[in-house]
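Working notes, structure below.
Every number in this text was worked out from the coordinates using simple rules, so none of it is lab data. What you see is a predicted model; the values in this text were computed from it and never measured. Glycine gets a Cβ as well: all are built from the backbone with ideal geometry, and neighbour counts include every protein chain shown.
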């Protein structure tokens, strides 16, 4: 016989849990000491291991009690039902994950104005996804639609740096598009553009024309960005390109 404290130590199940299992009739001890402490034999230990395994499979304690007590328990039916339940929960968790990513990215753009991000995301989530899909298919060719999967979006786990860069630009607007800080941000954006979309200028030009149109952005299902920020980004990028293409002072002297 094994004392309840020893069982807890060996199995990792707390004494409190073992007492609860006894109380609900899930796992009765083999006997008790004169002092009232629960004692367990190898039979109860094996049953406890079965309970732990079935809990990991997602079954509730009342279901486990029935499973272990009945010889007529329909295992195939209940296992398939449990699998269906778990798969459904996985889908629900994926939706939760997407919402959390969207909030993280939205707050990266909006900075301290977190509730603006929430309001914008609520607006985006209420849009008709079928209309968005049809609009994309009407604007982009098949190969370009595949490229859209690489475009930063609020639900993409790899998009956080893009969102932070946009948020940094938003907070630098008061300083002007030609300041070193702004140009450093634009340079990083351009580096990421080359890393991910080198040689896809036609696609990017098409996508940018949609982005700077609030009406088309909404049809596309894009996260709302204010016109003044989009204009600021355009001006800052024009300055960046002009500076990159300008001859160096040495070349000018020559």
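Here are a few things to note about the model shown:
- Per residue, the convex hull volume that the Cα atoms of the stretch 36-157 enclose (Å³): 234 Å³
- Extension gain for the segment residue 118 to residue 202, taken as residue separation times 0.36 nm less the Cα-Cα distance, is 27.0 nm to one decimal.
- FRET efficiency, residue 190 to residue 89 (Cβ-Cβ, R0 35 Å, nearest 0.05): 0.25
- Taking the Kirkwood radius as Rh and the Cα radius of gyration as Rg, the stretch 2-69 has a ratio of Rg/Rh equal to 0.95.
- Sites residue 70 and residue 19 - FRET efficiency at Förster radius 22 Å, r taken between beta-carbons, to 0.05: 0.35
- Residues listed by number, the stretch 140-174, amide nitrogen under 19 Å from residue 214 label point at 7 Å toward C-beta: 170
- Computed from the C-beta positions of residue 155 and residue 49, the FRET efficiency with R₀ = 35 Å rounds to 0.30.
- Most to least packed among 8-14, 32-38 [average Cβ atoms within 10 Å]: 8-14, 32-38
- Radius ratio Rg over Rh of the stretch 86-253, counting only Cα atoms, Kirkwood formula for Rh: 1.01
- Average Cα contact separation per residue, the chain, under 8 Å, 6 or more apart, as relative contact order %: 14 percent
- Ellipticity estimate at 222 nm from DSSP helix runs (n ≥ 4, -39,500 (n - 2.57)) divided over the chain, nearest 500: -22000 deg cm²/dmol
- For the pair residue 125 and residue 100, label points projected 7 Å from Cα toward Cβ lie 1.5 nm apart.
- Contact order relative to length of the stretch 2-69, as percent, for alpha carbon pairs under 8 angstrom and 6 or more apart: 28 percent
- Label-point gap, in nm, between residue 10 and residue 30 - each point 7 angstrom along Cα→Cβ: 0.9 nm
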